[in-house]
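Enquirer: Okay, here's the structure, questions in a sec.
The values are calculated or read from the model by the stated rules, or taken from the named source; none is laboratory data. Source: prediction; values computed, not measured. Please note: Cβ atoms are built from the backbone with ideal geometry, for glycine as well, and neighbour counts cover all protein chains shown.
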Amino acid sequence: MDSERPDEKEDRPKAGNGASQKPSDADDVKSLLRAASGVPAGSKKAVAGETATTTAEGGRASGVGLLERTKEQGLALKERARAEAETYKDPQQTQLWKSIFRVSHDRSDPRNRSLAILSNVFLHLHPAKINRDAVRYGFTWGMGGITFYLFIVLTFTGVLLMFYYHPTKVQAFRDILYLEHDVPFGKLLRNMHRWAAHLMVITTWLHMFRVVLTGSYKRPREFNWCVGVVLLVLTLLLSFTGYLLPDDQLGFWAVTVGTNMARATPMFGSEGPFGPQLGMTPYNDVRFGLLGGSIVDANALLRSYIWHCIGIPLVASIFMAVHFWRIRKDGGISGPAPVMLEAEMKKK
Ligand code: HEM
């Protein structure tokens, strides 16, 4: 029967070759001392002797080991800090950059450049490759882009205006006067919104005109042309609903005239073709629905406000997203017909 205790078994091999070993920690020191004194490990004497000698010796040895290890760790830390600092010289090497862009951006390789664009949520909104001639200002006039930019300006300034405006008969016009005369930069804010609105109507028409001139409504872009027509109507509606909001004479009469025209809508207007036959009256026709009553009053102001600030911008944003997506799916901006270089013509 084996009478050895498990810890004795473990200790003996260490003691056997311990003399040539360099103690690296307290355990090693213990086994070395045991080997030198010839006391078997585990005996009472050994335990007592060990405690006395190893407290002093082992403490010194482990102190040295600890110091060495701390020194090594310090050096490693310094090295890591130096390497980290080195990466800041090139922001693309930082972990922050890599966590955002994910793919290394090697500009020398076109395929890698495409991958970098496609794998990034913001960059992928742009095509990875474009036809250089199609994006020339001479071809597009930049009108679609300018229209979109104006929409962004309108959204931004519109939200700021909402902080000062109340859509009620008592407050609306007073808020406009307050904005014009008392609010810091209020006049600038209001005029930025007004001018951007006028400009957006103009640029949308010009953009449509360009599309006609370059024949870009033709196959395969027929659907996008239709999306564009909806966008044009929405742009005009945005402008029209904004007209009433200052609740001044200009807006009041503009909306009175405009909604009177709605009386003549076929089938849905009380004075339009087939309207009366379908049961339309001034109290249930499309004009009534637009105004929230039979005259331009408080309900009309509130409805204009909600359509202007929420309903139409929301629908327009969705249609714009479809419009841009279609441009990509239709093969990018149409671009001019391919040109033949003089050198190529001479070859023929
Ligand atoms: C809110 C209004 C609109 C915005 C923000 C808008 C935006 C854009 C943008 C950025 C482009 C890329 C080319 C360029 O900049 O010219 C484009 C192309 C196009 N747009 Fe619009 N657009 C709007 C209204 C319209 C309207 C009213 C139409 C026509 C009824 C239209 C039809 C088209 C077509 C067919 C293309 C493709 C043209 C091509 O490939 O050459 N868009 N639009």
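Enquirer: Kindly establish whether residue 204 is polar (S, T, N, Q) and more than 10 Å from the ligand (Cβ to nearest atom).
Expert: In short, no.
Enquirer: Can you report the number of residues in the range 105-142 which are out of contact with any helix residue (DSSP H, G or I) (no Cβ under 7 Å at 6 or more places or on another chain) and more than 30 Å from residue 215 (Cβ to Cβ)?
Expert: Final tally of qualifying residues: 10.
Enquirer: Checking the conditions here, which among 178, 217, 165 is in the same structural domain as residue 292 (by TED's automatic domain parsing), assigned to a helix (DSSP H, G or I) and among the hydroxyl-bearing types (Ser, Thr, Tyr)?
Expert: 178
Enquirer: Given the residues 69, 113, 80, which is the only one that is among the basic types (Lys, Arg), surrounded by 12 or more Cβ atoms within 10 Å (Cβ to Cβ), farther than 25 Å from residue 328 by Cα and at pLDDT 75 or above?
Expert: Sole residue among the options that is among the basic types (Lys, Arg), surrounded by 12 or more Cβ atoms within 10 Å (Cβ to Cβ), farther than 25 Å from residue 328 by Cα and at pLDDT 75 or above: 69.
Enquirer: Another question, if that's okay. Any residue in the range 183-198 that is touching a residue at least 60 places away in the same chain (Cβ under 8 Å) and either within 16 Å of the ligand (Cβ to nearest atom) or not in a helix (DSSP H, G or I) (or both)?
Expert: no
Enquirer: Report those helices (runs of 4 or more DSSP H) wholly inside the range 286-348 carrying at least 2 residues which are more than 12 Å from the ligand (Cβ to nearest atom).
Expert: Of the helices (runs of 4 or more DSSP H) lying wholly inside the range 286-348, those with at least 2 residues that are more than 12 Å from the ligand (Cβ to nearest atom) span 286-291, 298-306, 342-347.
Enquirer: Considering only the range 103-140, how many residues are within 16 Å of the ligand (Cβ to nearest atom) and assigned to a loop (DSSP other than H, G, I, E, B)? Give the steps one after another, and end with the answer.
Expert: Initial filter on the range 103-140 (within 16 Å of the ligand (Cβ to nearest atom)): 125-127, 129-140.
Then drop every residue that is not assigned to a loop (DSSP other than H, G, I, E, B), which leaves 126-127, 129-136.
Here the count works out to 10.
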